[in-house]
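The values are calculated or read from the model by the stated rules, or taken from the named source; none is laboratory data. Source: prediction; values computed, not measured. Here the Cβ positions follow ideal geometry from the backbone for every residue, glycine too, while neighbour counts run over all protein chains shown. These area figures cover heavy atoms from the full protein model, side chains too; ligands, DNA and RNA do not enter into them. Shrake-Rupley method; radii C 1.70, N 1.55, O 1.52, S 1.80 Å.
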Amino acid sequence: MNENLALASPETDFESMLQYVKSIIRESIDTGEKTLKEMALYFAGSQGKLLRPTLTLACGLICKGSPKLNLEELYFTAAGVEMLHMSALVHDDIIDRAEMRRGKPTINEIYGSDMALLLGDYFYSRALSLMSKISDMSILEQALSVIARMVEGEVKQKKEAFDTGISLKDYLARIARKTASLTAFSCFAGAQVAKLAEKEVKALVKFGEYFGKAYQIRDDILDFLKNEHVLKKPASDLHQGIFTLPMVLYLKENRHGFANSVVSQEQVKSLYDKCIKSSAVSRSILLCNTYLEKSLRILMTFPDSPIRFKVINILQKVYIYT
């Protein structure tokens, strides 16, 4: 691993900035409809690490505070980015029929799928409303494009369910749409608000793409490792026929064993058992870390600063040590 990852020490506390972003999100939930507000505040109250708004803030500040930066617009942009993510999570829970998220019952579990769908749509509208306040309209235009890409990724995932013919190219195209498009946008939005040079904006977008892919691959890997050592059953994605990277790599070398490209749910458990005994997980780890190294190389072209250290430490936490 690059020593810059190992030696990084966080020197920037984003907590106060993220708290302000949270307050903007809460204030944007301004509906007078009691149930909708109740659902929205319930979900907003269980936000995770706020990774995407952190990337937005970091990319806006990474050049030691561009003199052209409007800090208030950066906060609104970060809040809009997080609300896009919140919407996607609500919709994911509906599609996955998930009962729990971050240790709490999902919106669809409490209020039903129809109400959850409406909440997801409401979050989209609030996100776009926040971004409409930004003077640079390219951010709103890109947000609309990202929503379309995430939907395309979800449709692609559904079409590929239980298909052993899925290729690495198919998988990477899917996560580029479903996950990396939003992390790349998070970086674009922050850099664009700061009015960085076009070359710097493009570099940070590429950083976000690589990081988003690594982040999704890491989730795929940990799902396998967690289930292998704790649950002793296939990952939830596999139950739905969603083949993530370890399985994609395993199938690439063992596809000849299937008479048909589409397998049944009953065959998934056997596939899972064979996959975790193969080299597929270790090869997935290698690809994850490779994307992180690419992210780091881009990051190191920016000035040495506490902000850069902050982002390096985010990378460090995603890196999988073997």
Checking E141 against (1) touching an Asp or Glu at 6+ places or on another chain (Cβ under 7 Å); (2) under 24 Å from R174 (Cβ atoms); (3) charged (D, E, K, R), the condition it does not meet = (1)
What pairs come up if the first residue lies in the range 136-152 and is in contact (Cβ under 8 Å) with a residue 12 or more places away in the chain and open to solvent by less than 80 Å² (accessible area, probe 1.4 Å), the second is assigned to a helix (DSSP H, G or I) and among the hydroxyl-bearing types (S, T, Y), and their beta carbons are under 6 Å apart, counting only those six or more places apart or on different chains?
-> V146/S181
Test set (1) within 20 Å of Q240 (Cβ to Cβ); (2) surrounded by fewer than 19 Cβ atoms within 10 Å (Cβ to Cβ); (3) in contact (Cβ under 8 Å) with a residue 24 or more places away in the chain; (4) not polar (S, T, N, Q) - L128 fails condition number = (1)
Can you tell me which residues in the range 93-102 are in a helix (DSSP H, G or I) and touching a residue at least 40 places away in the same chain (Cβ under 8 Å)?
-> I95, D96
May I ask you to list the residues in the range 226-260 that are touching a Phe, Trp or Tyr at 6+ places or on another chain (Cβ under 9 Å), modelled with pLDDT under 75 and assigned to a loop (DSSP other than H, G, I, E, B)?
-> K233, P234, A235
Scan T164, T183 and give me the residue that is at pLDDT below 95, open to solvent by less than 10 Å² (accessible area, probe 1.4 Å) and of a type in the set (S, T, N, Q).
-> T164
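Within the range 105-115, take every residue that is on the phi < 0 side of the Ramachandran plot and more than 20 Å from the chain's Cα centre (by Cα) and give me the one that is surrounded by the fewest Cβ atoms within 10 Å (Cβ to Cβ).
Among residues in the range 105-115 that are on the phi < 0 side of the Ramachandran plot and more than 20 Å from the chain's Cα centre (by Cα), the one surrounded by the fewest Cβ atoms within 10 Å (Cβ to Cβ) is D114.
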Would you point out the residue of the range 51-95, among those that are in contact with a Leu (Cβ under 8 Å, 6 or more places away or on another chain), among the aliphatic types (A, V, I, L, M) and surrounded by fewer than 21 Cβ atoms within 10 Å (Cβ to Cβ), that is modelled with the lowest pLDDT?
-> L69
Go through the range 171-180 and give me each residue that's over 9 Å from G212 (Cβ atoms) and open to solvent by less than 20 Å² (accessible area, probe 1.4 Å).
-> Y171, R174
Does the range 205-223 contain at least one residue that is at pLDDT 95 or above and out of contact with any helix residue (DSSP H, G or I) (no Cβ under 8 Å at 6 or more places or on another chain)?
-> no
Go through the range 135-154 residue by residue and tally those that are polar (S, T, N, Q), over 14 Å from L84 (Cβ atoms) and not in a loop (DSSP other than H, G, I, E, B).
-> 1
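Yes or no, residue by residue, for (1) assigned to a helix (DSSP H, G or I); (2) open to solvent by 30 Å² or more (accessible area, probe 1.4 Å):
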site	(1), (2)
K133	no, yes
K156	yes, yes
K169	yes, yes
G190	yes, no
L196	no, no
K202	yes, yes
K206	yes, yes
Y210	yes, yes
When E99 is evaluated against the numbered criteria (1) within 16 Å of I25 (Cβ to Cβ); (2) at pLDDT 90 or above; (3) not hydrophobic (A, V, I, L, M, F, W, C), which criterion, by number, is the only one it fails?
-> (1)
How many residues, within the range 299-313, are modelled with pLDDT of 95 or more and open to solvent by 30 Å² or more (accessible area, probe 1.4 Å)?
-> 2
